[in-house]
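The values are calculated or read from the model by the stated rules, or taken from the named source; none is laboratory data. Just so it is clear, the structure is predicted and the values come from calculations on it, not from any experiment. Heads up, the Cβs are rebuilt from the backbone with ideal geometry, glycines too, and the neighbour counts pull from every protein chain shown.
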Amino acid sequence: MIYNKEYKIKFYCNSKTYKSEVFEFIESLDLKIQAKIYKYLDYLRENKGYLDEPYARHIKGKIRELRVDFSNNHYRLFYFLVLNKVIIILSGYLKKSNKTPKREIRKAELNYYDCLNNLQIYEK
């Protein structure tokens, strides 16, 4: 979890298993890539969850995509803003094609709805 005085970044936690796949995904990456991702997350927090391209873009509904490029690899993190100045990182993946895979968007949507139905998990 990343805090500041105003906005907080929290990672999606499955309401049934209490596991955070997105946090595990980030932590499984090389340390240099992790550092860049956390730098971008901090930048996102400092800008109150709103970044323009090339850093982020709108995907669907309230879901946005944080875009982190490292060498020839393109990492993507889906996120949305909740009340009380909380940014929840829903999911992440390594992008291998020009188009965003529909299964990744669907996964982010499912995580989004799980978050909305279990907001008490993120109130701490």
### Task
Quickly run through region 56-76 and pick out the residues that are touching a residue at least 40 places away in the same chain (Cβ under 8 Å) and either more than 17 Å from Tyr113 (Cα to Cα) or over 11 Å from the mean Cα position of the chain (by Cα) (or both).
Ile59, Lys60, Gly61, Lys62, Asn73, Tyr75
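Mind telling me which of the residues Gly92, Gly49 ends up being among the small types (Gly, Ala, Ser), surrounded by 17 or more Cβ atoms within 10 Å (Cβ to Cβ), modelled with pLDDT under 95 and within 25 Å of Lys36 (Cβ to Cβ)?
Numbers: Gly92 fails: modelled with pLDDT under 95.
Step by step, each of Gly92, Gly49 is checked, and only Gly49 is among the small types (Gly, Ala, Ser), surrounded by 17 or more Cβ atoms within 10 Å (Cβ to Cβ), modelled with pLDDT under 95 and within 25 Å of Lys36 (Cβ to Cβ).
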### Task
For Ile37, work out the one condition from (1) among the aliphatic types (A, V, I, L, M); (2) crowded, with 18+ Cβ neighbours inside 10 Å; (3) more than 11 Å from the chain's Cα centre (by Cα) it doesn't fulfil.
(3)
### Query
Is it true that some residue in region 76-89 is at negative phi, modelled with pLDDT of 90 or more, of a type outside the set (A, V, I, L, M, F, W, C) and exposed (fewer than 14 other Cβ atoms within 10 Å of the Cβ)?
no
